[in-house]
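One structure is given here, and the rest of the page talks about it.
The values are calculated or read from the model by the stated rules, or taken from the named source; none is laboratory data. Since this is a predicted model, take the numbers as computed values, not measurements. Glycine gets a Cβ as well: all are built from the backbone with ideal geometry, and neighbour counts include every protein chain shown. The protein model used for the area step is the full one, side chains on, heavy atoms only, and it has no ligands, DNA or RNA in it. Shrake-Rupley method; radii C 1.70, N 1.55, O 1.52, S 1.80 Å.
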Amino acid sequence: LSRPVAFAQIWKSWFSSHSLLGKKNIILMGPPGAGKTTTGRIVGQKLDCPVIDIDDDVLETTWNMSVSEKLQDVGYEEFLEEEGKALLKFSASGSVISLSGSNPMHAAGMQHIKKSGIVVYLDVPTTVLMSRLKSKQMDRIVGLSPGISLKDVLQFRKQFYKRWFDIRVLCGRDVAAEVVAEKVLDAVKRYQDSELETFISTRSSRSGRSTEEDSNKFYFSDVVIQGLALDGGLFVPERRLPKFTAEEWQGLIEATYVERAQVLLERCIHPADIPASRLAEIIETAYGENFSCSKVAPVRHLAGNQFLLELFHGPTASFKDFALQLMPHLFAYCIPRSCNYLILVATSGDTGSAVLDGFSRLHDTDKQRIALMNFFPEDGVSPIQKSQMIGCQKENAWSVGVKSDFDFCQTAIKQIFTNSDFTGFLTVEYGTALAAANSINWARLLPQIVYHASAYLDLVHQGIISFGSPVDICIPTGNFGNMLAAFYAKMMGIPIRKCICASNENNVLTEFIRTGVYDLRGRKLISSFSPAVDILKSSNLERYLHLIANEDGQLVTQLFNQLENQGHFQLQKDLLGKLQQDLVAGWCSDEDCLAAIHSVYSTTGYILDTHTAVAKVVADRLQDRTCPIIISSTAHYSKFAPAILRALRIAEINQNPLSQLHLLSSYSALPPIHWGLLETLKKTGNGDHQVCAADLSVLMSHIETLIQNHFM
């Protein structure tokens with residue numbers, strides 16, 4: 001069989017064995033010029049089923065006049081009402097239906113038609129639509145009138161399309177209708193078959209699954225709730241992440257950050273877990289009014305070929321806000337109503353305030369069944385970070401300082417999750433399950449992919465590069481989550497050449513990337529001016545190694561068991577070669593970090609935070625200047641005021657965090673002092689928090705007490 005014939009027969013066979021075209025319809029929706037009619041005909045031919053065009057076959061037949069004549073006859077508002085009434089009287093089954101561009105603007109009519117099938121949104125960039133429609137008759141476009149431009153009409157209608165669709169198909173400028181039709185069929189198949197999108201543990205493999213995985217399949221909603229696999233591994237998609245075509249990426253160049261996030265996350269989260277319309281609401285809530293910059297994650301030129309990706313415009317002034325404004329809503333949607341949940345978090349600094357703020361924004365009914373306990377190294381975060389974590393405590397969220405370092409906090413949480421006796425006791429005795437909000441949770445990692453992709457698209461939109469030209473990315477990293485998200489963006493089709501890992505003096509990751517040896521023997525954590533990367537055990541590295549080892553869970557298990565038991569492991573030569581094709585690494589001392597802050601401020605008037613300065617130093621050393629480099633600015637400098645003031649060579653530094661911020665604001669530097677941080681410190685000052693010893697049993701006791709106080 002030829003490929004097109006074979007494809008059509010496969011689809012006919014698939015639909016004959018499923019319910020979709022038994023009684024259901026495929027309903028194509030989109031703006032004028034999206035190609036609904038042509039695409040509908042091709043899909044109908046492939047499936048050998050009836051094709052109905054609402055404009056030609058329903059409206060004009062019902063009215064006995066053309067659509068344009070009806071519009072001229074009754075006017076805009078009456079036309080929408082008449083069109084909606086016609087849609088309410090219409091019924092069909094087992095058909096491909098092409099809606100009019102204005103059908104989605106009539107709520108009752110769309111509710112009626114939506115019940116009969118799957119609504120597929122043909123999403124075409126506005127500039128492409130404008131180009132197509134210039135050569136077409138304009139009198140059929142509802143809402144177009146003197147004083148209202150075609151662009152305004154198209155932008156206005158987007159809100160209605162987003163409300164009704166079940167699945168989205170991206171349609172670029174030069175994509176043939178035949179290709180769009182195949183994309184529609186692929187999208188419908190994905191919608192119908194959630195079995196395609198399951199997750200596995202990094203400590204299992206395709207050829208040798210664990211007993212746990214033999215008896216259960218894990219979907220997105222499961223891994224959001226469970227966080228950590230029962231075998232101690234981390235969840236990853238079994239079929240890897242979807243790859244976008246160049247045309248699909250180019251269709252997002254004009255899009256806003258929220259729109260880009262919606263498109264990317266729709267493709268990574270199956271609608272059986274979270275429907276597209278609900279996901280859109282969650283994303284709007286997360287990135288709408290909670291960020292101080294309308295671009296959410298703007299890209300700023302620093303100097304030469306270096307650009308800063310500003311990730312600190314969220315409410316708690318760090319990149320953690322991108323995941324933790326979104327993740328709590330995903331979690332609340334996914335969990336069953338019959339159980340209470342306690343979220344456990346370990347933080348090296350920024351996660352604490354971000355997760356506290358994120359979960360505090362849940363609806364009150366969700367707060368009653370979701371509580372949070374945040375563990376942080378008592379003496380291992382900046383004074384302002386600690387003030388934030390204490391000040392962000394709410395009625396369902398608490399911070400606990402631990403007399404140890406971040407690695408202890410993170411390891412302790414992993415041990416608690418894998419202690420089936422303790423977790424079982426909490427479930428039976430208190431009806432409460434544990435969950436994780438650290439970067440080990442897939443819902444924490446996924447939103448971070450968006451801003452790396454968005455940064456590249458912004459450079460294209462600004463005319464710095466053309467799509468397809470490579471960029472390098474440099475990220476200050478300790479736990480490897482942010483770096484892994486950039487690598488995932490590369491896998492999904494963003495032309496990232498090299499991912500540069502920047503470490504401080506806790507440079508275990510740098511040594512590993514250079515040598516293939518991960519060695520913690522004799523290593524002690526060094527407190528630095530960049531505490532968020534004061535990490536020796538890099539959790540998300542496990543996901544990356546699982547990926548380059550071709551999902552060999554047995555090898556990953558062996559490596560990380562050896563690290564746990566012996567304090568080290570070494571990669572095979574072939575895997576090290578793969579790793580070094582993707583990653584390069586360097587590290588920066590505290591002295592060089594402060595010098596970079598001073599130098600950049602002196603030459604540009606811009607103040608880097610200490611983590612961004614680490615990345616700047618490493619980027620200067622490792623970039624080859626043959627392409628742009630995007631440096632992730634992961635936190636606002638306000639959070640590290642004492643170090644910043646020292647870098648700016650201020651002799652006397654007041655120990656009060658609020659006074660430090662007022663002093664920094666007097667510099668009138670870029671960017672300005674962070675609004676949310678200043679407000680938090682004004683409101684809270686130094687509140688109370690619990691402090692405990694570095695003892696696993698003590699942490700477990702705190703957890704049980706919190707559950708008793710909140711849920712009982």
Out of segment 272-303, which residues are in a loop (DSSP other than H, G, I, E, B), of a type in the set (Gly, Ala, Ser) and under 14 Å from the mean Cα position of the chain (by Cα)? ALA297
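Restricting attention to segment 664-691, which residues are touching a strand residue (DSSP E or B) at 6+ places or on another chain (Cβ under 8 Å), over 28 Å from CYS339 (Cα atoms) and at pLDDT 90 or above? Steps first, please.
Let us first name the residues in segment 664-691 that are touching a strand residue (DSSP E or B) at 6+ places or on another chain (Cβ under 8 Å), namely 669-671, 689-691.
Narrowing further to those that are over 28 Å from CYS339 (Cα atoms): 669-671, 691.
Within segment 664-691, LEU670, PRO671, VAL691 meet the criteria.
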Checked ASP174, ASP186 against criteria (more than 22 Å from the chain's Cα centre (by Cα) and more than 19 Å from SER98 (Cβ to Cβ)); the one match is ASP174
Can you pull out every residue in segment 332-350 that is hydroxyl-bearing (Ser, Thr, Tyr) and either surrounded by fewer than 23 Cβ atoms within 10 Å (Cβ to Cβ) or in the same structural domain as PHE640 (by the TED database) (or both)? TYR333, SER338, TYR341
Only residues that are outside any loop (DSSP other than H, G, I, E, B) and surrounded by 24 or more Cβ atoms within 10 Å (Cβ to Cβ): list them for segment 514-540, please. TYR518, PRO531, ALA532, VAL533
Pairs please, first residue from segment 480-496 and farther than 18 Å from ARG239 by Cβ, second anywhere and among the basic types (Lys, Arg) and surrounded by 24 or more Cβ atoms within 10 Å (Cβ to Cβ), Cβ atoms under 9 Å, 6+ apart in sequence or on different chains. GLY481/ARG444
What number goes with the only condition from (1) within 18 Å of HIS702 (Cα to Cα); (2) buried (at least 22 other Cβ atoms within 10 Å of the Cβ); (3) at pLDDT 90 or above that PRO315 does not pass? (1)
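Taking the condition assigned to a helix (DSSP H, G or I) and open to solvent by 30 Å² or more (accessible area, probe 1.4 Å), does PHE79 pass?
Details: assigned to a helix (DSSP H, G or I): yes; open to solvent by 30 Å² or more (accessible area, probe 1.4 Å): no.
No.
Restricting to segment 82-108, give me the number of residues that are open to solvent by 20 Å² or more (accessible area, probe 1.4 Å) and of a type outside the set (Phe, Trp, Tyr). It would help to see each step written out before you state the result.
In the first step, residues of segment 82-108 are kept if they are open to solvent by 20 Å² or more (accessible area, probe 1.4 Å); the result is 82, 85, 88-93, 105-108.
After this cut, where a residue has to be of a type outside the set (Phe, Trp, Tyr) as well, the list is 82, 85, 88-89, 91-93, 105-108.
Looking only at that region, the number is 11.
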Cβ-Cβ distance below 6 Å, separation of 6 or more or different chains: which pairs start in segment 86-97 with a residue that is outside any helix (DSSP H, G or I) and end on one that is β-branched (Val, Ile, Thr)? PHE90/VAL58; ALA92/ILE52; SER95/ILE52; VAL96/ILE26; VAL96/VAL43; VAL96/VAL51; ILE97/ILE27; ILE97/ILE52
Boolean, ASP620 is within 26 Å of ALA485 (Cα to Cα), surrounded by 14 or more Cβ atoms within 10 Å (Cβ to Cβ) and not polar (S, T, N, Q): yes
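Restricting attention to helices (runs of 4 or more DSSP H) lying wholly within segment 351-440, give those where 2 or more residues are at pLDDT below 90, open to solvent by less than 20 Å² (accessible area, probe 1.4 Å) and in contact with a Ser or Thr (Cβ under 9 Å, 6 or more places away or on another chain).
Working: elements: 364-367, 383-391, 406-417, 420-430.
Because the criterion is at least 2 residues that are at pLDDT below 90, open to solvent by less than 20 Å² (accessible area, probe 1.4 Å) and in contact with a Ser or Thr (Cβ under 9 Å, 6 or more places away or on another chain), the helices (runs of 4 or more DSSP H) in segment 351-440 that meet it are 383-391, 406-417.
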Given the conditions (1) more than 30 Å from THR427 (Cα to Cα); (2) in contact with a Lys or Arg (Cβ under 9 Å, 6 or more places away or on another chain), every one holds for ARG646 apart from (2)
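Residue by residue, here is whether (1) open to solvent by 10 Å² or more (accessible area, probe 1.4 Å); (2) in contact (Cβ under 8 Å) with a residue 24 or more places away in the chain holds:
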site	(1), (2)
ALA635	no, yes
LYS639	no, yes
ALA647	no, yes
ASN656	yes, no
HIS662	yes, no
PRO672	yes, no
LEU696	yes, yes
LEU699	no, yes
Can you name every residue in segment 76-102 that is touching a helix residue (DSSP H, G or I) at 6+ places or on another chain (Cβ under 6 Å) and either of a type outside the set (S, T, N, Q) or farther than 20 Å from LEU154 by Cα (or both)? PHE79, LEU80, GLY84, ALA86, LEU87, LEU88, PHE90, SER93, GLY94, VAL96, LEU99
Looking at this structure, is LEU681 outside the structural domain of PHE422 (by the TED database) and buried (at least 20 other Cβ atoms within 10 Å of the Cβ)? yes
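So which of ALA276, ALA286 is buried (at least 20 other Cβ atoms within 10 Å of the Cβ) and touching a His at 6+ places or on another chain (Cβ under 9 Å)? Spell out the reasoning first.
Details: ALA276 fails: touching a His at 6+ places or on another chain (Cβ under 9 Å).
Of ALA276, ALA286, the one residue that is buried (at least 20 other Cβ atoms within 10 Å of the Cβ) and touching a His at 6+ places or on another chain (Cβ under 9 Å) is ALA286.
LEU706: under 18 Å from SER360 (Cα atoms) and touching a His at 6+ places or on another chain (Cβ under 8 Å), yes or no? Show your work before the answer.
Values: under 18 Å from SER360 (Cα atoms): yes; touching a His at 6+ places or on another chain (Cβ under 8 Å): no.
Criteria not met by LEU706.
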Within segment 68-78, can one find any residue that is of a type in the set (A, V, I, L, M, F, W, C), more than 36 Å from the chain's Cα centre (by Cα) and assigned by the TED database to the domain that holds ASP186? yes
